[in-house]
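The values are calculated or read from the model by the stated rules, or taken from the named source; none is laboratory data. Predicted, not measured: the structure shown is a model, and the values here were computed from it. Methodologically, a virtual Cβ is constructed for each residue, glycine included, from the backbone with ideal geometry; neighbour enumeration extends over all protein chains shown. When the accessible area is computed, the model is the full protein with side chains, heavy atoms only, and any ligands, DNA or RNA have been set aside. Shrake-Rupley method; radii C 1.70, N 1.55, O 1.52, S 1.80 Å.
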Amino acid sequence: MATLKEQKEAFVTGHNGTTPTEILLVCLSAPLGIFLFNEIHRTLSFSSPARPAPRHDIVKPNKSVLVVIESLVLLLPMAICQTSLLYPYGVALLCVEAIVAICLHVYRRTIRRQQSNNATDGDIAGKSSDQKSKLAFLSSYRSTVSYLTFVAILAVDFHVFPRRFAKTETTGYGLMDLGAGSFIVSGGLVSWYARSCRAFPSEKKERNTCSNDETPPSNVYWKARLKPVLLRSIPIITMGTIRLMTNKGLEYQEHVSEYGVHWNFFFTL
């Protein structure tokens, strides 16, 4: 008779994945939820079209209310779509979200058109400048990737998580495969090198680009690139070591075909 550890390992191994269309359907819950939440937020912030309020009198919804709304229209659908409730409840919920978001968008544009007829150019310019956000799409992408990954990691050990969404063995498409790759991409987009994009100190200012044709001296290369990367890697290497020690000490199931005997996701990052 197989031990409990062997039964758990068999539960998370031997999967061939699902179709790319279904993975895109699950991931669609993130942009749809963000779209609906933004439309609700902007609609609540609008004043009455009959009495357009000045720029400083625009209603700001309570933060507690926004947290509840965000949990209902974004976090809850994303969690449902990663479970066996995807059909039919998850799909139906996504359709309702899309319809409501489009209706609110049309309604808000109608109000904006009515308010712009009575507002001054200064008010319109002020409102448009307030709505600009620096790289808001990047924050939305990273936060939704993190949430989808957290839900998948916690749910993969339960039957409510479809086995076709788990990581694949050799071929196929798995939702958790996409999560691992997305973490790498999101980390690279906000990495120290991507944000600074600085040239080496020995180079001229006119060559202030990320790609350098000449190889810098070893001491400059160490100080400019290797040393910051290694210092920033210490926390995640530490977490990988703790993960390895806890797996061995607690006899947690080891998906050998996924990372091997001693490797884990933290070391990959």
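Criterion first (more than 24 Å from L154 (Cβ to Cβ), modelled with pLDDT of 85 or more, part of a helix (DSSP H, G or I) and open to solvent by less than 70 Å² (accessible area, probe 1.4 Å)) does A79 satisfy it? No.
For the range 236-251, the count of residues that are part of a helix (DSSP H, G or I), within 30 Å of G90 (Cβ to Cβ) and modelled with pLDDT of 80 or more is zero. Within the range 144-193, the residues that satisfy the criterion of being within 29 Å of S233 (Cβ to Cβ), hydroxyl-bearing (S, T, Y) and not in a helix (DSSP H, G or I) are T168, S191.
Enumerate the helices (runs of 4 or more DSSP H) found wholly within the range 1-47, keeping only those where 2 or more residues are in contact with a strand residue (DSSP E or B) (Cβ under 9 Å, 6 or more places away or on another chain).
Working: elements: 4-11, 20-27, 29-45.
In the range 1-47, the matching helices (runs of 4 or more DSSP H) lie at 20-27.
Is it the case, given these coordinates, that V91 is at pLDDT 80 or above and open to solvent by 60 Å² or more (accessible area, probe 1.4 Å)? Criteria not met by V91.
Only one of I69, I102 is open to solvent by 70 Å² or more (accessible area, probe 1.4 Å), modelled with pLDDT of 90 or more, assigned to a helix (DSSP H, G or I) and farther than 23 Å from H159 by Cα. Can you tell me which?
Exactly one of I69, I102 is open to solvent by 70 Å² or more (accessible area, probe 1.4 Å), modelled with pLDDT of 90 or more, assigned to a helix (DSSP H, G or I) and farther than 23 Å from H159 by Cα, namely I102.
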